[in-house]
Amino acid sequence: MARSDLIIDLVKAGISGDQGSVRVTAEAIAADERQKKHTGVADRIAKALVATPKPGANGKSTQPAMRLKDGSGGIQRKEPDRSIDSLFLERQTRIACSELIEEQQRADVLRAHGLEPRHRLMLVGPPGNGKTSLAESLAYELALPLFVVRYDAIITSYLGDTATRLRRLFDFVKTEPCVLFFDEFDAIGKERGDVHETGEIKRVVTTLLLQLDDLPSYCVLVGATNHPELLDRATWRRFEIRLELSKPNDDQMIEFFAQKMKDFNGNFGFTAKRLRSAVDPKNFSEAEDFFMDIHRRHALAQGAITFRTLVKDRVSAWASQHGRITLDDRSTDPSAV
Ligand SMILES: Nc1ncnc2c1ncn2[C@@H]1O[C@H](COP(=O)(O)OP(=O)(O)OP(=O)(O)O)[C@@H](O)[C@H]1O
Ligand SMILES: [Mg+2]
């Protein structure tokens, strides 16, 4: 079975009538199938392609169009909606971000001294502790659009195409000040293992490095990874600021709970510390999910049960759904909420 991202690309290209992309993607699928030793399927795709007139035959370009502007290509444009103060960050992380923001906002002062603001930041850390949220909040604080790179539209197994797409992506983002977010930055490194042509691998990495070097300082590049060890060393060096967003410690998590509890106008029947131990979230994201769960059930209950009972039920439901031990064996049936 061909890779799902290629099939989706093919469907999109077909729907939009982009023959160049249909051809390139179909060739990529054929190459993928051949690599998996599905020669019969690969041959049939190749045959079907021969029957299709080449778009270049009528003088038009055979280059696959990359529909970057409307967000359906390699980039998704988002209007950021999250302030940096809404995030729990280590003091040093917060300071580093403030410095980056200041350098960007006062770039003219720096340039008057022949200096450029820093604009390449790498965020490292386990899932659910704010890498994506921090990228968004930087865009918010800088009042810039957030461009999120879509790997499914960039990385293909078609020889030469990944490097070309990368180049086009950077050409596009350079046209305006923005925050460019490469989530799972290691995807390029990882993907390299899937490409068999050595020359091609080099070309992708070289393209990436050149583009990182050429990126103007008004484009803030934020990379994120859960696997820093997979990053190419030369790529790693390109990032002027590297920050670790690690798993929150007990005190930080209790503070997070206390803050979230304040947002509710109800008696939890728990202290922040006890509720945190009962829920025992692995990361901020899970803690956030727990409070969203309470929000939802509270809205639906419409006052039918006390807030205190509702919280107790949610703690039990949460514990059983997450394979954790309930606080209280006498907890009520969650379905009663
Ligand atoms: N440091 C934080 N402060 C406050 N809320 C946070 C923090 N980190 C994560 N959250 C909450 O968890 C949700 C998920 O976080 P986010 O997507 O930013 O994590 P991530 O590090 O990018 O995870 P992944 O590695 O899975 O992409 C956010 O929407 C936010 O509500
Ligand atoms: Mg993320």
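What the table below lists for this structure:
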quantity: Selected from Phe264, Ser316, Ser285, residue furthest toward positive end of dipole (segment 250-336; charges at beta carbon); calculated: Phe264
quantity: Segment 72-244, accessible surface, carbon-and-sulfur percent (1.4 angstrom probe); calculated: 49 percent
quantity: Gyration tensor (alpha-carbon) shape descriptor, segment 3-50, a/c threshold 1.5; calculated: oblate
quantity: Fraction of antiparallel bridges per DSSP, segment 72-244 only, in percent to nearest 5; calculated: 20 percent
quantity: Portion, in percent, of the accessible area of segment 3-50 that falls on carbon or sulfur, probe 1.4 Å; calculated: 65 percent
quantity: Kirkwood Rh in Å, taken over all unlike Cα pairs in segment 72-244; calculated: 16.5 Å
quantity: Residues whose placed amide H lies under 5 Å from that of Ile75, excluding near-sequence neighbours; calculated: Arg150
quantity: Net charge dipole size for segment 3-50 [Lys, Arg +1 and Asp, Glu -1 on Cβ; Debye, nearest 20]; calculated: 180 debye
quantity: Probe 1.4 Å, accessible area per residue of segment 250-336, Å²; calculated: 60 Å²
quantity: Taking segment 3-50 and dividing mean pair separation by its residue count, relative contact order in percent (alpha carbons under 8 Å, at least six apart); calculated: 31 percent
quantity: Cα coordinate range in segment 250-336, projected on the principal axes (Å, largest first); calculated: 34, 28, 20
quantity: Positive-end extreme of charge dipole, segment 3-50 - chosen from Val41, Ala13, Thr25 (charges on Cβ); calculated: Val41
quantity: Rounded to whole Hz, the Karplus (6.51, -1.76, 1.60) HN-Hα couplings of segment 100-105, x for glycine and proline; calculated: 4, 4, 5, 4, 5, 6
quantity: Convex hull of Cα atoms in segment 204-254, direction-averaged projection (nm²); calculated: 4.9 nm²
quantity: J(HN,Hα) series, segment 170-185, from Karplus relation 6.51 cos²θ - 1.76 cosθ + 1.60, nearest Hz, glycine and proline x; calculated: 5, 4, 5, 5, 5, 6, 7, x, 6, 10, 9, 10, 9, 6, 6, 4
quantity: Surface accessible to a 1.4 Å probe, per residue, for the residues of segment 72-244, Å²; calculated: 46 Å²
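The values are calculated or read from the model by the stated rules, or taken from the named source; none is laboratory data. Fair warning: this is a prediction, and the values are worked out from it, not measured in the lab. Note that we place each Cβ from the backbone using ideal geometry, even for glycine, and neighbour counts take in every protein chain shown. We work out accessible area using only protein heavy atoms, side chains counted, and drop any ligands, DNA or RNA first. Shrake-Rupley method; radii C 1.70, N 1.55, O 1.52, S 1.80 Å.
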